[in-house]
Amino acid sequence: MSEALQGSRLRRAALVAYPAALAGERLDFLLDRSGLQGTERASLQWLLSGALRESGSLKSLLQSLLRPGKQDDQVLALLQLALYELRHGQRPDFAIVNDWVSASQLLGKTWAKGLINAVLRRYLRERAELDAKDEQPEHPVWLLQHLQETYPGNWSEIVAANLRPAPLWLRVNRQKISRDAYQQRLQDQGLASQSCVELPDALILPQSLPVRELPGWEEGWVAVQDGAAQLAAEILAPLPGEWVLDACAAPGGKAAHLLALGAEHLLALDRSAPRLRRLEEALQRQGLMTESQVADAALPDTYGDGHPFDAILLDAPCSATGIIRRHPDILYREPDLVSLCAEQARLLRGLWARLRPGGRLLYCTCSILPQENEIQVQNFLAEQHDAERVEDPRCGQRLPGHRDMDGFFYALLRKADATL
Ligand SMILES: C[S@@+](CC[C@H](N)C(=O)[O-])C[C@H]1O[C@@H](n2cnc3c(N)ncnc32)[C@H](O)[C@@H]1O
């Protein structure tokens with residue numbers, strides 16, 4: 001990771017992607033567009049996610065370090081990235097300063113060398129004092145309003161959890177290796193991990209590392225998947241012989257888990273063909289196979305062979321407000337909640353038509369906003385008289401940081417039996 005941060009390719013990519021993410025572009029698309037692979041990509045992700053998470057605090061730090069007046073936006077972005085690396089990186093300070101001073105050339109702004117050098121060196125001289133007065137970076141107003149309204153007693157804990165880096169959650173592919181055996185492999189490489197009582201295939205590593213450094217990554221022994229996301233397949237619990245639909249399946253984290261748990265007839269749908277290709281690649285790496293189709297899951301007559309499903313997973317498109325700690329770029333994009341909620345309702349209605357009487361549908365989102373979650377489900381239950389909620393202690397609203405997991409919402413619904 002540290003070695004990759006030496007490269008000018010990485011800094012060039014960061015200087016393009018960081019302002020774009022601050023302007024609301026998706027971080028995963030920007031990482032794809034960078035063309036970087038492996039350790040370089042992982043290092044770029046580390047740098048960008050961290051700087052985005054701390055951007056409020058980096059901006060105010062810069063205000064203390066610069067003379068008042070108009071500054072060049074690209075140079076300011078470079079300084080924020082450099083300060084983030086100085087605060088959290090593993091490389092020697094002098095190497096970090098030299099590399100970011102040289103990066104002014106990548107912007108065609110060699111005139112800024114002296115300024116960058118002076119600002120970074122001043123930070124190093126005064127860092128103890130400057131970091132001590134660091135204030136909690138701010139969330140955008142639209143998000144703060146939602147959080148304060150919904151969680152008046154604990155919104156600030158949610159904000160704090162959003163700004164803490166997440167641990168690395170792994171899901172061991174039980175089709176290939178048991179969790180205990182995999183934990184031993186990690187141990188053999190000097191990597192300590194913890195298990196989780198709620199999740200039989202999960203292991204938690206205290207911090208991120210490039211996935212290719214994980215034992216058996218290429219062989220598909222393990223996938224990266226947050227604990228909260230691992231609950232989906234556990235709650236839906238596919239039984240042998242059942243027909244299962246994963247309605248919004250790409251890039252395939254939960255589909256792979258359903259298959260690893262033994263789902264036999266699984267159809268993986270997604271509206272996006274490029275995302276579905278990522279699902280196919282992920283399944284291939286894990287040695288798993290299933291049928292997949294590009295379709296609008298809300299249109300019941302357009303996919304599969306007309307067979308009703310015993311179990312449906314609807315991992316709906318949402319504001320993603322529960323996974324900000326992993327995707328801090330979300331802070332810079334206000335979601336269109338009206339159209340997201342309309343799409344979720346349309347998906348619920350359309351999918352219900354393909355569920356067999358007596359079948360179950362698990363609705364989930366990685367949102368912590370009630371409009372997309374509890375209120376959405378209440379509205380659906382009010383209009384769909386053959387739908388009832390199944391009580392499951394794992395369901396409901398889960399907040400980010402709780403048990404070191406992402407924020408997720410789960411509701412398990414059952415369709416009344418035709419005979420009743
Ligand atoms: C939250 S992501 C799903 C993540 C996935 N379940 C996983 O575990 O990797 C939501 C997905 O829904 C897809 N989507 C959105 N609207 C859809 C629709 N009407 N029909 C099918 N897929 C849709 C998006 O393309 C996106 O891939």
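The values are calculated or read from the model by the stated rules, or taken from the named source; none is laboratory data. As the structure is a prediction and not an experimental result, all values here were calculated from the model. We place every Cβ from the backbone using ideal geometry, glycine too, and count neighbours over all the protein chains shown. Calculation scope for accessible area: heavy atoms of the full protein, side chains included, ligands and nucleic acids excluded. Shrake-Rupley method; radii C 1.70, N 1.55, O 1.52, S 1.80 Å.
Among the residues of segment 268-294, the one identified as in contact with a Phe, Trp or Tyr (Cβ under 7 Å, 6 or more places away or on another chain) and either assigned to a loop (DSSP other than H, G, I, E, B) or buried (at least 16 other Cβ atoms within 10 Å of the Cβ) (or both) is Leu269.
Could you pull out every one of the helices (runs of 4 or more DSSP H) wholly within segment 102-174 that has 3 or more residues that are assigned by TED's automatic domain parsing to the domain that holds Ser8 and not β-branched (Val, Ile, Thr)?
113-132
Of all positions in segment 339-352, none carries a residue that is touching a residue at least 24 places away in the same chain (Cβ under 8 Å) and part of a loop (DSSP other than H, G, I, E, B). Across segment 8-35, the qualifying residues are those that are buried (at least 20 other Cβ atoms within 10 Å of the Cβ) and in contact with a Phe, Trp or Tyr (Cβ under 8 Å, 6 or more places away or on another chain), and the one among them that is nearest to Glu85 (Cα to Cα) is Arg11.
Here Val224 passes the criteria (1) open to solvent by 20 Å² or more (accessible area, probe 1.4 Å); (2) more than 15 Å from the chain's Cα centre (by Cα) except the one numbered (2). In segment 269-288, of all residues being in contact (Cβ under 8 Å) with a residue 24 or more places away in the chain and among the hydrophobic types (A, V, I, L, M, F, W, C), the one that is farthest from the ligand (Cβ to nearest atom) corresponds to Leu288.
To keep it simple, each residue is scored yes or no on (1) open to solvent by 80 Å² or more (accessible area, probe 1.4 Å); (2) under 20 Å from Gln74 (Cα atoms); (3) charged (D, E, K, R).
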residue: Ile96; (1), (2), (3): no, yes, no
residue: Gln105; (1), (2), (3): yes, yes, no
residue: Arg121; (1), (2), (3): yes, yes, yes
residue: Leu124; (1), (2), (3): no, no, no
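Looking across Ala320, Ala345, one residue alone is near the ligand (Cβ under 10 Å from one of its atoms) and out of contact with any Lys or Arg (no Cβ under 6 Å at 6 or more places or on another chain). It is Ala320.
Screening Ala297, Ala256, Ala263 for residues that are part of a loop (DSSP other than H, G, I, E, B) and within 12 Å of the ligand (Cβ to nearest atom) leaves exactly one candidate, Ala297.
Out of the residues in segment 36-59 meeting the condition of being open to solvent by 50 Å² or more (accessible area, probe 1.4 Å) and of a type outside the set (Phe, Trp, Tyr), tell me which one is farthest from Asn162 (Cα to Cα). Result: Gln37.
Of all residues assigned to segment 301-310, none qualifies as being within 13 Å of the ligand (Cβ to nearest atom) and buried (at least 21 other Cβ atoms within 10 Å of the Cβ). Looking at Val172, Val197, Val222, just one residue is more than 16 Å from the ligand (Cβ to nearest atom), in contact with a helix residue (DSSP H, G or I) (Cβ under 7 Å, 6 or more places away or on another chain), farther than 26 Å from His88 by Cα and aliphatic (A, V, I, L, M), and that residue is Val172. Selection within segment 324-355: residues that are out of contact with any strand residue (DSSP E or B) (no Cβ under 7 Å at 6 or more places or on another chain), buried (at least 23 other Cβ atoms within 10 Å of the Cβ) and aliphatic (A, V, I, L, M). The member of this set that is nearest to Ala298 (Cα to Cα) is Ile330. For segment 229-253, name all the residues that are part of a helix (DSSP H, G or I) and either more than 11 Å from the ligand (Cβ to nearest atom) or over 15 Å from Leu412 (Cβ atoms) (or both). Of everything in segment 229-253, those that are part of a helix (DSSP H, G or I) and either more than 11 Å from the ligand (Cβ to nearest atom) or over 15 Å from Leu412 (Cβ atoms) (or both) turn out to be Ala229, Gln230, Leu231, Glu234, Ile235, Leu236, Gly253. Only residues that are within 14 Å of the ligand (Cβ to nearest atom) and open to solvent by 20 Å² or more (accessible area, probe 1.4 Å) were counted across segment 361-371, and they come to 1. Counting only residues that are open to solvent by less than 60 Å² (accessible area, probe 1.4 Å) and either within 21 Å of Pro300 (Cα to Cα) or over 17 Å from the mean Cα position of the chain (by Cα) (or both), segment 372-412 holds 15 of them. Any chance segment 270-280 includes a residue that's within 20 Å of Pro238 (Cα to Cα) and in contact with a Pro (Cβ under 6 Å, 6 or more places away or on another chain)? Checking segment 270-280: at least one residue is within 20 Å of Pro238 (Cα to Cα) and in contact with a Pro (Cβ under 6 Å, 6 or more places away or on another chain).
Assigned to a strand (DSSP E or B) and either over 25 Å from Gly253 (Cα atoms) or touching a residue at least 60 places away in the same chain (Cβ under 8 Å) (or both) - does that describe any residue in segment 392-407? Taking every residue of segment 392-407 in turn, at least one turns out to be assigned to a strand (DSSP E or B) and either over 25 Å from Gly253 (Cα atoms) or touching a residue at least 60 places away in the same chain (Cβ under 8 Å) (or both).
With respect to the stated conditions, Gly358 is on the phi > 0 side of the Ramachandran plot and open to solvent by less than 20 Å² (accessible area, probe 1.4 Å).
Only a single criterion out of (1) in contact (Cβ under 8 Å) with a residue 40 or more places away in the chain; (2) closer than 21 Å to Gly359 by Cβ; (3) of a type in the set (A, V, I, L, M, F, W, C) is not satisfied by Leu266, namely (1).
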